[in-house]
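*Asks:* Below is the structure I would like to discuss, written out as structure tokens.
The values are calculated or read from the model by the stated rules, or taken from the named source; none is laboratory data. In this text the structure is predicted, and so the values were computed from the model without any measurement. Here the Cβ positions follow ideal geometry from the backbone for every residue, glycine too, while neighbour counts run over all protein chains shown. For the accessible areas, the whole protein counts, side chains as well, though only heavy atoms, and no ligand, DNA or RNA atoms are used. Shrake-Rupley method; radii C 1.70, N 1.55, O 1.52, S 1.80 Å.
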Amino acid sequence: MANLIILDEKSPKEITIKPNEEVIYEALNQGDVERIINLEEGAKLTFYELNLKEVNSNLKINLLGRGASVTVNTLSLAKDKVLNYNQEINHLAKETNSNVTNFAVALEKGEVNYKTVGKINRHMIKSNCKQVSRGIIIGDDASVKSEPILLIDEYDVFANHGCAIGKMSDEEMFYLMSRGLTKEEALNLIVRGLVLPFLQKLDKENSEKYNLEVSNMFNK
């Protein structure tokens, strides 16, 4: 069974996951942070990162041992803030796997920027590197940008990336407001529906806490 570890500002900048160890990390609303995570042979990491406040997040993951595997999930909710992410995944052993999924909601002068680099070095055969970024823009003065980069130096591997960013339709908002909701209530309902799948994956206490924080963003 995987060990759950809640990362905070006091956590080490560089962390190593031992051979065949399974770990779940939750890094929640930490602001500016730089983190390096090393995975040894057979190690498995699931990494959740959530930010509702301004951030410059730098995450570097090194897959050092054969069969090491990492899944990264991020959620960003930007309102009158700029959130920047630099993510780097290095496949430094054979048969390693990485899967990065970024999801952002930007509204009211919010801006989210992702730069995701996946690198498979030469001779690191049978490795897999996947990247997906999704963004929902609510309003004319918000933005979500994604820069996916794959650096592949080996043929016998699998690597792909995808990006889907779009603006929420005005019809959805109009429909909810026509049913008696205020604009703030409608936005709250829409955004909570978008972020709930991520929040449900967190530790129960954190899931409830950040569900409430999302709601409070619309009550200010």
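*Asks:* How much length would be gained if the chain were fully extended between Glu184 and Ser207, taking 0.36 nm per residue of separation minus their Cα-Cα distance, in nm to one decimal? The partial results should precede the final answer.
*Replies:* On the way: separation 23, 0.36 × 23 = 8.28 nm, distance 2.19 nm.
Full extension from Glu184 to Ser207 adds 6.1 nm.
*Asks:* So what's the net charge close to Asn113: Lys and Arg +1, Asp and Glu -1, counting the other residues with Cβ under 10 Å from its Cβ? Can you show the working numbers first?
*Replies:* Values: positive: Lys115, Lys145; negative: Glu111, Glu147.
Local net charge: 0.
*Asks:* Got the relative contact order for the range 170-220 handy, in percent, Cα pairs under 8 Å and 6 or more residues apart?
*Replies:* 35 percent
*Asks:* Enumerate the whole-percent occupancy of each 10 Å bin, from 0 to the last occupied one, for all C-alpha pair distances of the range 1-84.
*Replies:* Histogram of Cα-Cα distances, whole percents per bin: 18, 50, 25, 7, 0.
*Asks:* Considering only the other residues whose Cβ falls under 13 Å of the Cβ of Leu7, what net charge follows from Lys and Arg at +1 and Asp and Glu at -1?
*Replies:* Every neighbour counted, the sum reads -4.
*Asks:* Here is a follow-up. Helix-derived [θ] at 222 nm for the chain: sum -39500 (n - 2.57) over DSSP H runs of at least 4, divide by residue count, nearest 500?
*Replies:* -5500 deg cm²/dmol
*Asks:* Which whole-number percent is the relative contact order of the range 97-161 (Cα, under 8 Å, 6+ apart)?
*Replies:* 44 percent
*Asks:* Taking a cut-off of 25 Å between Cα atoms, list the lysines near Lys44, but don't count ones fewer than 8 places away on the same chain.
*Replies:* Lys10, Lys13, Lys18, Lys60, Lys94, Lys115, Lys119, Lys126, Lys130, Lys201, Lys204
*Asks:* Next question, about the same structure. Please find, in a Gaussian network model of the chain (springs between Cα atoms separated by less than 10 Å), the residue of Ser98, Ser169, Ser127 whose mean-square fluctuation is greatest.
*Replies:* Ser169
*Asks:* What is the sum of charges around Glu34, taking Lys and Arg as +1, Asp and Glu as -1, for the other residues whose C-beta is under 15 Å from the C-beta of Glu34?
*Replies:* -1
*Asks:* What does the C-alpha gyration tensor say about the overall shape of the range 151-220? Classify as rounded when a/c is under 1.5, otherwise prolate if a/b is larger than b/c, or oblate.
*Replies:* Oblate, because a/c is 1.5 or more while a/b does not exceed b/c.
*Asks:* Pairs of Cα atoms under 8 Å, at least six residues apart: use those to get the relative contact order of the chain, whole percent.
*Replies:* RCO, the chain: 12 percent.
*Asks:* Suppose we keep just the alpha-carbon trace of the range 64-154; what are its Rg and Dmax in angstrom?
*Replies:* Expressed in Å, the Cα Rg and Dmax of the range 64-154 come to 15.3, 47.
*Asks:* Quick check: with the 1.4 Å probe, what order do Glu88, Glu147 take by accessible area, largest first?
*Replies:* So, going from the largest accessible area down, we get Glu147, Glu88.
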